[in-house]
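Notes to accompany the following structure.
Computed from the coordinates by the stated procedures, all read-outs in this text should not be read as laboratory data. For clarity, every value in this text was computed on a predicted model and none was experimentally measured. Here the Cβ positions follow ideal geometry from the backbone for every residue, glycine too, while neighbour counts run over all protein chains shown.
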Amino acid sequence: MNIVLLGPPGAGKGTLAGNLKDDYSLSHISTGDILRAEMKKESALGLEAKSFVESGGLVPDELVTRLIEAKCQEDNGATKGFMFDGFPRTVTQATDLDVVLEKMGQAIDVAIYMEASADIVVQRLTGRRVCRQCGALYHVVNKPSKVEGVCDECSGELYQRADDNEETIKNRMSVYVENTKPIIDFYKSQGKLKQVNADNGAQDVCEKTNQILNG
Ligand code: AP5
C-alpha cells in the first residue's frame, strides 16, 4: 500500500507516520527529514536546499523528486509500500511521483488529507521539540518529554527547528495554501482522497486513519 499524507505544516503528518508505519510495514519517506539530514552533512544538495528550508520556501521540484526517486528505489521491496510525508507539495511533484512509482509497477492508493485549523498548527509548531539523535517528536504542552530537553527514547538532546518561529511559520502556511492545497483536488479527482480532522488528539487521528485504511 502506498500512502500520501497531506496537510498544512504542523497538521501532524510526521507524528501520524511514526504511529502507523510499523503496523503497515511501510517505509516512511519525509522530504523534510531527508533535506535536514543533507543540510546537517553540508552536502552539495543540503547547501542548495538550506536557504529554501530556512525561509519556509519550497526547494525546487526537480531536486526533491530526484531525492524521492533515489529513496524509493533504495527501499523498494524492503517494506510493503511507502508512506510519503511532506511530498508531493506541488502538482508537478504529484505527477512526478506517479511516474516514479509507475516505473516500479506501483501507484498511490490513498491520500490522507489532514485538515487542521491555523491557530492549532501555530501552537503545535512553536511548541515542537525534536530529538537531535533519533528524530522523535515532542511538544512542550501536548507531548512533553519526561525530563525537559532530553529524549525519552534515546536520551538525545531535544532542539527546536530553525523554521519553527512565527515569522517562518507564516511563510510556510502561505506557501502551503498557494502550492500544496491544489494537490487535494488532484487526488480527489482520482477518487483517492480521504479526510481526517487533524485538530483532534494524535490518538484519535491515528484511529480514524486506521479505519480509513482498513475500510
Ligand atoms: P517539513 O519538515 O515537511 O515541514 P512541514 O510540512 O512544514 O511539516 P512539519 O514537519 O512542520 O509538520 P507535521 O505535519 O509533520 O507535524 P508534526 O507531526 O511534526 O518541511 C520543512 C521544509 O523543507 C519546507 O518548508 C520546505 O522548505 C522543505 N521541503 C520539504 N518537503 C518539500 C517538498 N516536497 N518540496 C519542496 N520543499 C520541501 O507535529 C507538529 C507538533 O505537533 C509536534 O510537536 C507534535 O508532537 C504535535 N502534534 C502532532 N499531532 C498532534 C495532535 N494530533 N494533537 C496534538 N499535538 C500534535
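Please pull out the direction-averaged projected area of the stretch 141-215, using the convex hull of its alpha-carbon atoms, in nm² to one decimal place.
Details: hull surface 29.9 nm².
The Cα convex hull of the stretch 141-215, projected and averaged over all directions, gives 7.5 nm².
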**Request:** Compute the normalised compactness of the chain: alpha-carbon radius of gyration over 2.2 N^0.38 Å, N being the residue count.
**Result:** 0.97
**Fill in**
About its Cα centre, the chain carries a charge dipole, from +1 on Lys and Arg Cβ atoms and -1 on Asp and Glu Cβ atoms, whose size in debye to the nearest 20 is 180 debye
**Asked** In terms of modelled amide H atoms, which long-range or inter-chain residues lie less than 5 Å from the amide H of residue 28?
**Response** 83
